[in-house]
Amino acid sequence: MKKIVLALAGTVLLIAAAVVYTVSSRHDTAEAGPAAQLTLAPGQLFYRDTATGRVGAVPLAGTGAKPQLSGLKCDRFAVARQTAVCLAVKPGTLPAVTDVLVLDGGLGVRHTETLPGTPSRARVSPDGKRVYWTLFVTGDSYAQTGFSTRAGLYEVDTGRLVKTIEELPVFLDGKRYFAADVNYWGITFAPDGNRFYATLGSKGTTYLVEADYGRYRGKVLRENVECPSLSPDGKRVAFKKKVGEGVWRLSVLDLANLQETELAETRSVDDQALWQDDHTILYGLENAVWAVPADGSGAPRQLVGGAASPAVTG
């Protein structure tokens, strides 16, 4: 049913060849100094240092403290409570293979899954009980979207692995949606650990899906929503909407009335935004981590340079 997209495969192979993966002292970290012993203490902004690939941290309060870099190298990183997830491409694997590392409060490895694909998105549920990810994969063909992804999750408490949510039953306008090219990415969970949202791509259109994990079924809420990120209060979704070929605009959707607010960031943002709190949204852009108000006011401000993949501890 699914075929290899040659153009994407070539891109993924180049990415896989370029990315270097390291965990702790197993690889050289001398290029950025000694590794700091980071923990998931509250009030920190974590990020991926783009020069070294190492996970760094700086106080959210912005006290001017010097950023600290751990010995952990990731392509994507996320945290919640005392759980973190690190996605890291395994070196020398063609087609690309990614290690999904589930980490504890001291960034020690609790569990590892090795899955096909290149890291795209990563998140941890607000209760810290589930980690989830999106990987670009070869061997699948989605002619309308031009790429193929596989979104999955891991239950930290039970050890249950869901390699892909492609079989999730979804209803569009009250009818079960069936298509050979269904493609999911950008999972985000509510604080209750059950309700979640994701992007469904099919036939050249993207949809925001709201789903019930326990019942394992979902419904389409609206079109042109990618990489959703649910607010801490569970009432709004930050997302990127397509406004041109390869151009996206950050917006926030009120789930009660589906009213949309465009944010003050007018540059194209190809990232899954992150809520620092109920009022501020973070994202990676132009080799830096930025913040912008969630209500459309204000202006973007840079938090950390040479950084990507922001994550915050409450």
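How much FRET efficiency would the formula 1/(1 + (r/R0)^6) give for residue 255 and residue 82, where r is the Cβ-Cβ distance and R0 is 22 Å, rounded to 0.05? Write down the numbers at each step before the final one.
Values: r = 28 Å, r/R0 = 1.27.
Taking R0 as 22 Å, the efficiency between residue 255 and residue 82 is 0.20.
Please give me, ordered by residue number, the chymotrypsin sites (Phe, Trp or Tyr not before Pro) of region 206-314 that lie in loop per DSSP and have at most 15 other Cβ atoms within 10 Å. Intermediate values should be presented prior to the final figure.
Working: sites: 207, 213, 216, 239, 248, 275, 283, 290; in loops: 213, 216.
When the chymotrypsin sites (Phe, Trp or Tyr not before Pro) of region 206-314 are filtered for loop state and at most 15 Cβ neighbours within 10 Å, 216 remain.
Roughly how big is the chain's charge dipole about its Cα centre, with Cβ charges of +1 (Lys, Arg) and -1 (Asp, Glu), in debye to the nearest 20?
500 debye
Anyone know which of 92, 117, 128 comes out most mobile in the 10 Å Cα GNM of the chain?
92
May I have the convex hull volume per residue, in Å³, for the Cα set of the chain?
Details: hull volume 39.2 nm³, N = 314.
In the chain, the Cα convex hull volume per residue is 125 Å³.
How big is the Cα convex hull of region 220-314 in projection, averaged over all directions, in nm²?
Details: hull surface 24.2 nm².
About 6.0 nm², averaged over all directions.
Given a 10 angstrom Cα cut-off, can you work out which residue in 209, 85, 156 is the most mobile in a GNM of the chain?
In this elastic network of the chain, the residue with the biggest mean-square fluctuation among 209, 85, 156 is 156.
At a threshold of 8 angstrom on Cα-Cα distance, excluding pairs fewer than six apart, so keeping six or more, what relative contact order does the chain reach in percent? Show your work: numbers first, answer last.
Details: 854 pairs, mean separation 42.8, N = 314.
Contact order relative to length: 14 percent.
Would you mind finding the longest exposed-site-free stretch of the chain, with exposed GluC sites (Glu not before Pro) meaning DSSP loop and at most 12 other Cβ atoms within 10 Å?
On the way: sites that count: 167, 245, 286.
With a cap of 12 other Cβ atoms within 10 Å, the longest stretch comes to 1-166.
Rounded to the nearest 500 deg cm²/dmol, what is the calculated helix-only ellipticity per residue at 222 nm for the chain, with -39500 (n - 2.57) per DSSP H run of length n ≥ 4?
-1500 deg cm²/dmol
List every residue whose amide H lies under 5 Å from the amide H of residue 183, counting only residues 5 or more places away in sequence or on a different chain, with H placed 1.01 Å from N in the peptide plane.
Residues meeting the criterion, in which the H sits 1.01 Å from N, are 201.
For the chain, with a Gaussian network of springs between Cα atoms less than 10 Å apart, report the residue from 285, 255, 263 with the top mean-square fluctuation.
For the chain, modelled as a Gaussian network with Cα springs under 10 Å, the answer is 255.
Given a 1.4 Å probe and every protein chain left where it sits, what share in percent of the accessible area of the chain is carbon and sulfur? Intermediate results must be reported in sequence, preceding the final value.
Values: 6850 of 13480 Å².
Carbon and sulfur: 51 percent of the exposed surface of the chain.
Skipping prolines and chain starts, which residues have an amide H placed within reach, meaning under 5 Å, of the one on residue 225, given they are 5 or more residues away or on another chain?
206, 207, 208
Mind giving me the nanometre distance, one decimal, between the label points for residue 127 and residue 114, set 7 Å out from Cα along Cα→Cβ?
Label at residue 127, label at residue 114, 3.2 nm between them.
The values are calculated or read from the model by the stated rules, or taken from the named source; none is laboratory data. In this text the structure is predicted, and so the values were computed from the model without any measurement. Cβ sites come from the backbone with ideal geometry, for glycine too, and all protein chains shown count toward neighbours. For accessibility, only protein heavy atoms count, side chains too; no ligands or nucleic acids. Shrake-Rupley method; radii C 1.70, N 1.55, O 1.52, S 1.80 Å.
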